[in-house]
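Please read the structure below before turning to the comments.
The values are calculated or read from the model by the stated rules, or taken from the named source; none is laboratory data. The structure displayed is predicted, hence computed values, not measured ones. Using ideal geometry, Cβ is built from the backbone for each residue, glycine included, and neighbour counts are taken over all protein chains shown. Note: areas computed on protein heavy atoms with side chains; ligands, DNA, RNA excluded. Shrake-Rupley method; radii C 1.70, N 1.55, O 1.52, S 1.80 Å.
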Amino acid sequence: MIVEEIMKKEVAVLSENNTIADALKLMREKRIRHLPIVDSNESLIGLVTDRDLRDATPSIFETDKFKEGVTNPLKLVMKTDIITGHPLDFVEEIAATLYEHRIGCLPILNNQKLVGIVTQTDLLHTLVELTGAHQPGSQIEVKVPNKSGKLFDVSSVIRNRKANIQSVLVYPDKEDINYKIIVLRVQTMNPLGLIDDLREAGHHVLWPIDPRK
């Protein structure tokens, strides 16, 4: 999946000469936490977050200072060293960038123009959709040797039961590099028959734990 499929294309923006008060108002109205700053050519020149604005604004209890602080232009508080993405980047690459740099959003540029934005919330929503976690079904985890063909073996057992696989995730076993964990979301509310079939085929089912034992 590429970023273009999940990014928000209607992005609220301001200019560097808008005030902190303008940004606070827009964030409140749009219910957003990240605000790209663009020039007259719609080129990205900065970014402010709700945290940047809180840090730059005196306490509201200091009335005079607060009034003066919120009239400052955004160019005084915006970040200019911004990590960006491209619409054709893969979603997992964007997710890794947010994780590695501990940032909450990624402006998306095409030909130096701001065309979208991706946030942590967008990625979480995408993860839920990709895994089918919002749909009725059961999750099955199987530990298999880290060899080719094991996913096919497991999915063949499920196919023979005529169960529909909604999603598949594969990740290394943290305790043994010679194994990996296959996580399947299957469209059935009673996976006991699948568990029996998988075990009879010699697979190590980690989850769900069989309530019959």
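Compactness of the stretch 58-181, taken as the C-alpha radius of gyration over 2.2 N^0.38 Å, stands at 1.66. The portion of the accessible surface of the chain made up by carbon and sulfur, rounded to a whole percent, is 51 (1.4 Å probe; DNA, RNA and ligands excluded).
Applying a DSSP loop filter and a limit of 16 other Cβ atoms within 10 Å to the GluC sites (Glu not before Pro) in the stretch 116-183 leaves GLU175. What are the trypsin sites (Lys or Arg not before Pro) within the stretch 5-49 that DSSP puts in a loop, where the Cβ has at most 14 other Cβ atoms within 10 Å? In loop regions of the stretch 5-49 (DSSP not H, G, I, E or B), the sparsely surrounded trypsin sites (Lys or Arg not before Pro) are LYS9, ARG31.
Each of ASN160 and ARG51 was given a label point 7 Å from its Cα along the Cα-to-Cβ line. The distance between the two points is 5.2 nm. Taking amide H as placed 1.01 Å from N in the peptide plane, the amide H of ASN110 sits under 5 Å from that of VAL115, each at least 5 places away or on another chain. Computed from point charges on the beta carbon alone (+1 for Lys and Arg, -1 for Asp and Glu), the dipole magnitude for the chain about its Cα centre is near 640 Debye. Once you have a ≥ b ≥ c as the square roots of the Cα gyration tensor eigenvalues for the chain, tell me rounded if a/c is under 1.5, and otherwise prolate or oblate according to whether a/b is larger than b/c. Prolate shape, in that a/c is at least 1.5 and a/b is the bigger ratio.
Rolling a 1.4 angstrom probe over the protein heavy atoms with all chains in place gives the chain an accessible area of 63 Å² per residue.
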